[in-house]
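Quick notes on the structure that follows.
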Amino acid sequence: MDFQPGPLQRGQSRCGAPCSGSLCLLLRKAWAVWLFGTSIVAMVLTGLYSYVLTDGLALMGTGGAIFTAVIWLIAFSLFFYARAMARCGVLR
């Protein structure tokens with residue numbers, strides 16, 4: 001059984017909050033913290049579905065699990081970086 005994500009409809013994107021958070025970070029907007037936090041919440045829900053409710057590890061294999069861990073590391077790094085910059089007053 002091969003995993004194939006559904007097709008994107010016109011106007012849809014699979015890069016909502018993380019891309020918006022990155023854009024806000026580049027534009028030095030404090031919204032970046034909230035957007036990165038939202039993306040982490042979405043990642044938790046997706047991870048619960050992928051690894052708890054379905055057998056995602058067997059489907060993706062070890063490489064997929066490592067790739068997921070790297071994405072988690074980057075997401076948390078961006079969140080904590082945005083939060084630190086907001087506290088320093090860099091983000092407005």
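The values are calculated or read from the model by the stated rules, or taken from the named source; none is laboratory data. A quick note: this is a predicted structure, and the numbers were derived from the prediction, not measured. When we count neighbours, we look across all protein chains shown, and the Cβ atoms used for this are built from the backbone with ideal geometry, even at glycine.
Here are some notes:
- Flag if VAL52 is modelled with pLDDT of 90 or more and in a helix (DSSP H, G or I): no
- Failed item in (1) at positive phi; (2) modelled with pLDDT under 85; (3) not β-branched (Val, Ile, Thr), with GLY61 passing the rest: (2)
- Within the stretch 24-58, being in contact with a helix residue (DSSP H, G or I) (Cβ under 9 Å, 6 or more places away or on another chain), of a type in the set (A, V, I, L, M) and farther than 28 Å from ALA86 by Cβ holds for one residue alone: LEU57.
- Considering the stretch 31-75, the residues that are more than 30 Å from ARG92 (Cβ to Cβ) and among the hydroxyl-bearing types (Ser, Thr, Tyr) include one that is surrounded by the fewest Cβ atoms within 10 Å (Cβ to Cβ), namely THR62.
- Selection over the stretch 41-64 of residues that are within 24 Å of SER22 (Cα to Cα) and either more than 18 Å from the chain's Cα centre (by Cα) or small (Gly, Ala, Ser) (or both) gives a count of 3.
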